Amino acid sequence: MKRILVTGGAGFIGSHLCERLLNEGNDVICLDNYFTGSKDNIRHLIGNDHFELVRHDITKPYTAEVDEIYNLACPASPVHYQYDAVKTIQTCVIGSMNMLGLAKQVRAKILQASTSEVYGDPTIHPQVESYWGNVNPIGIRSCYDEGKRCAETLFMDYHRQNNLRIKIVRIFNTYGPRMSMNDGRVVSNFIVQALRGEDITIYGDGKQTRSFQYVDDLVEGMIRMMNTGDDFLGPVNIGNPGEFTMLELAEKVIEQTGSKSKIIFQPLPQDDPRQRKPDISVARKELGGWQPEVQLTEGLQRTIDYFRKLIQTK
Ligand code: NAD
Ligand code: UDP
């Protein structure tokens, strides 16, 4: 049995990760400041003897005797990370330094939840890990993009300077149950709009693309990454290479919910990447043949069922 710290554990991805790590027989400390996460996401785990919940902000130091740290704490949706941009940078940079300091102190292995946003508006397609990206350093997305890029740098430098055992995963757009209903991300927006019979809001012309990964596939990839040998640090892309335009996504959601919602077009936010698709050959090779198992139609259905129940009970 390992003692594992999950920062951002009450968030969308963190809650699934905590659940899976507990099911595998580990002791899990879930640390969160509840900025975008919620106790509702992990309520079903409270009471489990192997689960501890800590209210804490990673921009402040924290200590615990742990074997592994998954560093997920950070708002992930553009609406939330832009709400207090300076705080987002603090979380990415000071928060990561605090967690790296903890890993150094207790000799824990530490994994960073990085993002496909480090590629910015990519000029090569699909994105490979060796691509350095095309990021605006002074735009409205920069607090997150540059924050996450700096966090990757910190992880590499702690490894080089202190021989810390680190892992970096670059997560591509992930969706599933427990996404926050109002965080503005495209999958939750479209599903909730469709279920409520509201207009579906496409930003821009809807021809921009994203590759959507179901949360269970990501959790599997992250755990496999943590368990790789000390020589493999990443970064490794974890995502589903299936690529869709936002128009295609809207049409799929309308069809699968049986909604009568209409599609409307709204202005495209500044610096919105035009295309995104992971090259996952490194993950396939290094993570024991890992590949996404849940394709969009099935994953969307599970997510639609979740939001339908949630809306009914509210
Ligand atoms: P989320 O907003 O649901 O979860 C983030 C969690 O971190 C929340 O519970 C929030 O309260 C907590 N948090 C934020 N700032 C904190 C702080 N200073 N101290 C302690 N806790 C804090 O988002 P998510 O989708 O679950 O994302 C989790 C991680 O994965 C993030 O680091 C995000 O950047 C990364 N990621 C997610 C995606 C995606 O598509 N969901 C894609 C790329 C990367
Ligand atoms: N988007 C959209 N309508 C919405 C929310 C988002 O068309 O209601 C678009 C957004 O402009 C972007 C894509 O969907 O092009 C994915 O947005 P999201 O915020 O989910 O993720 P990210 O841009 O960080 O990949």
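The values are calculated or read from the model by the stated rules, or taken from the named source; none is laboratory data. All values reported here derive from a predicted model rather than from experimental measurement. Positions of Cβ are generated from backbone atoms using ideal geometry, with glycine treated the same way; all protein chains shown enter the neighbour counts. To get the accessible areas, we keep the full protein, side chains included, count just its heavy atoms, and leave off ligands, DNA and RNA. Shrake-Rupley method; radii C 1.70, N 1.55, O 1.52, S 1.80 Å.
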Restricted to segment 129-149 and to residues being part of a helix (DSSP H, G or I) and open to solvent by 50 Å² or more (accessible area, probe 1.4 Å), the residue farthest from I168 (Cα to Cα) is E146
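For the subset of segment 243-268 comprising residues that are within 16 Å of ligand 1 (Cβ to nearest atom) and either open to solvent by 50 Å² or more (accessible area, probe 1.4 Å) or out of contact with any strand residue (DSSP E or B) (no Cβ under 6 Å at 6 or more places or on another chain) (or both), which member is farthest from V128 (Cα to Cα)? Can you show your working first?
Step one: filter segment 243-268 for residues within 16 Å of ligand 1 (Cβ to nearest atom), giving 243-244, 246, 249.
Then drop every residue that is not either open to solvent by 50 Å² or more (accessible area, probe 1.4 Å) or out of contact with any strand residue (DSSP E or B) (no Cβ under 6 Å at 6 or more places or on another chain) (or both), which leaves 243-244, 249.
Working: E243: 15, F244: 18, L249: 24 Å.
So, considering only residues that are within 16 Å of ligand 1 (Cβ to nearest atom) and either open to solvent by 50 Å² or more (accessible area, probe 1.4 Å) or out of contact with any strand residue (DSSP E or B) (no Cβ under 6 Å at 6 or more places or on another chain) (or both), the one farthest from V128 (Cα to Cα) is L249.
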Q. Within segment 52-63, is even one residue over 22 Å from R141 (Cβ atoms) and either assigned to a helix (DSSP H, G or I) or among the polar types (S, T, N, Q) (or both)?
A. yes
Within segment 72-88, residues surrounded by fewer than 22 Cβ atoms within 10 Å (Cβ to Cβ) and in contact (Cβ under 8 Å) with a residue 60 or more places away in the chain come out as S77, P78, V79, H80, Q82
On the given criteria, is D183 under 27 Å from F265 (Cβ atoms), open to solvent by 20 Å² or more (accessible area, probe 1.4 Å) and of a type in the set (D, E, K, R)?
no
Checked I69, I94 against criteria (in contact (Cβ under 8 Å) with a residue 12 or more places away in the chain and part of a helix (DSSP H, G or I)); the one match is I94
When you look at V54, is it more than 16 Å from ligand 2 (Cβ to nearest atom) and within 16 Å of I223 (Cβ to Cβ), yes or no?
-> no
The strands (runs of 3 or more DSSP E) lying wholly within segment 177-254 that contain at least 3 residues that are under 17 Å from the mean Cα position of the chain (by Cα) and touching a residue at least 24 places away in the same chain (Cβ under 8 Å) are 236-238
Considering only segment 45-55, I want to know if a residue exists there that is more than 22 Å from R224 (Cβ to Cβ), open to solvent by less than 40 Å² (accessible area, probe 1.4 Å) and within 12 Å of ligand 1 (Cβ to nearest atom). yes
Scanning segment 24-36 for residues that are free of Cβ contacts under 8 Å to residues at least 60 places away in the same chain and under 21 Å from Y175 (Cα atoms), the one most open to solvent (accessible area, probe 1.4 Å) turns out to be F35
